[in-house]
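One structure is given here, and the rest of the page talks about it.
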Ligand code: HEM
């Protein structure tokens, strides 16, 4: 509802919620973003809290700078040109785009905010690392800005806000544009991705521009102060010092075609091209992941003989495969595909892992010969195992020189006491800026494949775990001879992507993929360094 409330000295606040009126007010040079000069007590309080916190030195963050602030326009023009050159297909972004696509298309275990923040940060600095901490910090600040509440006041009083702000200011090296993108603009991006996820569940085939119209989210409100009296057409008149709030959320509800980036106006968002390009890339990738690989053809009859006749996968067929679309395949198709791969080169460094139980796999087939209820229970169990497993198992890190593999187990430190193990006893590594426990050490070597004895696979064998440095008997036994007797084997699809099979006591348990964007960007002979490498992994075998 558009309204204007004025109690001299106490309140002088107007809310405008019709797009034409918002744009009319915003076009007036006498309406400012730098939040000073409010004539009322409430206006002074609401603007002062933001003005005092959201600045670097004496310079406010970009969306609190007036249109004629010194140096503003050239900086924005340069930023926009820089954004135009950002390529989401490039190695810096590809892995994160794939992660967001995975979030949109399938699972919940992707830390969408951290990944989105990392992408935005890398648009400014390719070495930027988003972490849970940096995302939480951004969230703390953004929430305090957008939702004045007792909780926000408490955040401020306890110093949490200042600590979060200082950490983010340092992380962004006091670059105001970068701070705006990784902190204040971030919720718009994350909400857009959440909408995409909801939409994908209902309309996965939707064309990309139609998706954008439905999913793009923008700021709910913007704040301005009038520097001199202004008149509006059909709306209220304001005196100097009035606080004017644009209720963009309502404006958009009334007219969904309202441009969220203020395109073509003095305050056009410099990311007006970048953000839609990113969301398009994520949507297309999600669509690609959610359909079966298009280039690989499977032979359905006389499987064994025909498979033997099948040539190795071509480069184009390999390129068409992603961790996401491999999960679309049935067990027999994966078997066939696996047989058309060779062991390839030994992986090196950390790989992101995902496991799955394809249709027709032993565990999924468990219920097929039994009544409906048992069948449903069986599938619930598989889904439960998948969910729980995904919470903990994040992949593997390889040390080929030592012939060792270790599993990346998130929350391993919290699990350890349940096995009577002190968390400090676990080996740890820093991977992608996060300190994670490594567990279940295994031997790495080339050996005979259980699935396809005609050829070699890369074998990951847990039996020899007790002889590997850092073995923690109370937990690590689970994978070995005295536990589930796990033996994994993997074959390379292309550098950076492997298809794996996990066996328990020689019986196929599940399929998995191992993926490293870093290794994908390397050629075969390049050093990817297990001890310290450029994708942020540092660990000791
Ligand atoms: C869904 C995502 C986004 C939407 C809808 C959006 C929208 C907007 C809007 C409406 C403004 C004008 C604010 C005002 O006049 O007070 C703005 C400004 C700005 N945005 Fe965005 N934004 C988004 C994401 C981003 C990202 C990711 C970045 C950085 C990478 C960014 C950088 C900026 C900057 C630097 C300004 C200040 C421009 C100026 O000085 O006028 N935005 N954005």
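Consider only pairs whose beta carbons are under 8 Å apart and that are at least six residues apart or on different chains; among these, list those whose first residue lies in the range 255-281 and is assigned by TED's automatic domain parsing to the domain that holds residue 32 and closer than 13 Å to residue 120 by Cα and whose second residue is more than 10 Å from the ligand (Cβ to nearest atom) and in a loop (DSSP other than H, G, I, E, B).
277/88; 278/88
Go through (1) loosely packed, with under 15 Cβ neighbours inside 10 Å; (2) touching a helix residue (DSSP H, G or I) at 6+ places or on another chain (Cβ under 9 Å); (3) in contact (Cβ under 8 Å) with a residue 40 or more places away in the chain and name the single condition residue 179 misses.
(1)
Yes or no: residue 41 at pLDDT below 90 and surrounded by fewer than 16 Cβ atoms within 10 Å (Cβ to Cβ)?
Details: at pLDDT below 90: no; surrounded by fewer than 16 Cβ atoms within 10 Å (Cβ to Cβ): yes.
Answer is no for this residue.
Examine the range 314-328 for a residue that is in the same structural domain as residue 510 (by TED's automatic domain parsing), closer than 17 Å to residue 512 by Cβ, exposed (fewer than 14 other Cβ atoms within 10 Å of the Cβ) and modelled with pLDDT under 90, and state whether such a residue exists.
Looking through the range 314-328, none of the residues is in the same structural domain as residue 510 (by TED's automatic domain parsing), closer than 17 Å to residue 512 by Cβ, exposed (fewer than 14 other Cβ atoms within 10 Å of the Cβ) and modelled with pLDDT under 90.
Only one residue in 440, 477 is over 32 Å from the mean Cα position of the chain (by Cα) and surrounded by 17 or more Cβ atoms within 10 Å (Cβ to Cβ). Which one?
Selected residue: 477, the only one of 440, 477 that is over 32 Å from the mean Cα position of the chain (by Cα) and surrounded by 17 or more Cβ atoms within 10 Å (Cβ to Cβ).
Looking at the range 19-30, which of its residues are under 16 Å from residue 260 (Cβ atoms) and crowded, with 19+ Cβ neighbours inside 10 Å?
Selection gives 22, 26.
Go through the range 291-312 and count every residue that is closer than 30 Å to residue 204 by Cα and modelled with pLDDT under 55. Break it down into steps so the answer makes sense when it comes.
Kept after step one, since they are closer than 30 Å to residue 204 by Cα, are these residues of the range 291-312: 291-300.
This time we only want the ones that are modelled with pLDDT under 55, so: none.
Result for the range 291-312: 0.
Within the range 69-84, restricting attention to residues that are more than 12 Å from the ligand (Cβ to nearest atom) and modelled with pLDDT of 95 or more, which residue is farthest from residue 519 (Cα to Cα)?
Once the filter is applied, the top-ranked residue is 81.
Residues of the range 228-263 being within 12 Å of the ligand (Cβ to nearest atom) and more than 19 Å from residue 14 (Cα to Cα), which ones?
Selection gives 258, 259, 260, 261, 262, 263.
Which ones in the range 24-58 are within 12 Å of the ligand (Cβ to nearest atom) and outside any loop (DSSP other than H, G, I, E, B)?
The answer is 25, 26, 27, 31, 32, 50.
Of the conditions (1) in a helix (DSSP H, G or I); (2) modelled with pLDDT under 95; (3) more than 16 Å from the ligand (Cβ to nearest atom), residue 137 clears all except one; give me its number.
(2)
Can you find a residue that is touching a helix residue (DSSP H, G or I) at 6+ places or on another chain (Cβ under 7 Å), touching a residue at least 60 places away in the same chain (Cβ under 8 Å) and not in a loop (DSSP other than H, G, I, E, B) anywhere in the range 458-476?
Yes: the range 458-476 contains one or more residues that are touching a helix residue (DSSP H, G or I) at 6+ places or on another chain (Cβ under 7 Å), touching a residue at least 60 places away in the same chain (Cβ under 8 Å) and not in a loop (DSSP other than H, G, I, E, B).
Which of (1) away from the ligand (no atom under 13 Å from the Cβ); (2) surrounded by 19 or more Cβ atoms within 10 Å (Cβ to Cβ); (3) outside any helix (DSSP H, G or I) is the odd one out, the single condition residue 87 does not satisfy?
Of the numbered conditions (1) away from the ligand (no atom under 13 Å from the Cβ); (2) surrounded by 19 or more Cβ atoms within 10 Å (Cβ to Cβ); (3) outside any helix (DSSP H, G or I), the odd one out for residue 87 is (2).
Looking only at the range 264-284, decide whether some residue is modelled with pLDDT of 95 or more, more than 16 Å from the ligand (Cβ to nearest atom) and in contact with a helix residue (DSSP H, G or I) (Cβ under 8 Å, 6 or more places away or on another chain).
Yes, the conditions are met somewhere in the range 264-284.
Of the residues 96, 66, which is modelled with pLDDT under 95 and touching a strand residue (DSSP E or B) at 6+ places or on another chain (Cβ under 6 Å)?
Checking each option against the conditions leaves just 66.
So the check is Cβ under 6 Å with 6+ separation or different chains; which pairs have a first residue in the range 121-150 that's within 18 Å of residue 61 (Cβ to Cβ) and a second one that's assigned to a helix (DSSP H, G or I) and at pLDDT below 90?
144/152
Of everything in the range 402-425, what is buried (at least 20 other Cβ atoms within 10 Å of the Cβ) and more than 24 Å from residue 110 (Cα to Cα)? Give them in sequence order.
Once the filter is applied, which keeps residues that are buried (at least 20 other Cβ atoms within 10 Å of the Cβ) and more than 24 Å from residue 110 (Cα to Cα), the range 402-425 yields only 404.
Keeping to the range 170-227, report how many residues are away from the ligand (no atom under 12 Å from the Cβ) and in a loop (DSSP other than H, G, I, E, B).
Total meeting the criteria: 8.
The values are calculated or read from the model by the stated rules, or taken from the named source; none is laboratory data. Note that the coordinates shown come from a computational prediction; the quantities given were computed from them, not determined experimentally. Using ideal geometry, Cβ is built from the backbone for each residue, glycine included, and neighbour counts are taken over all protein chains shown.
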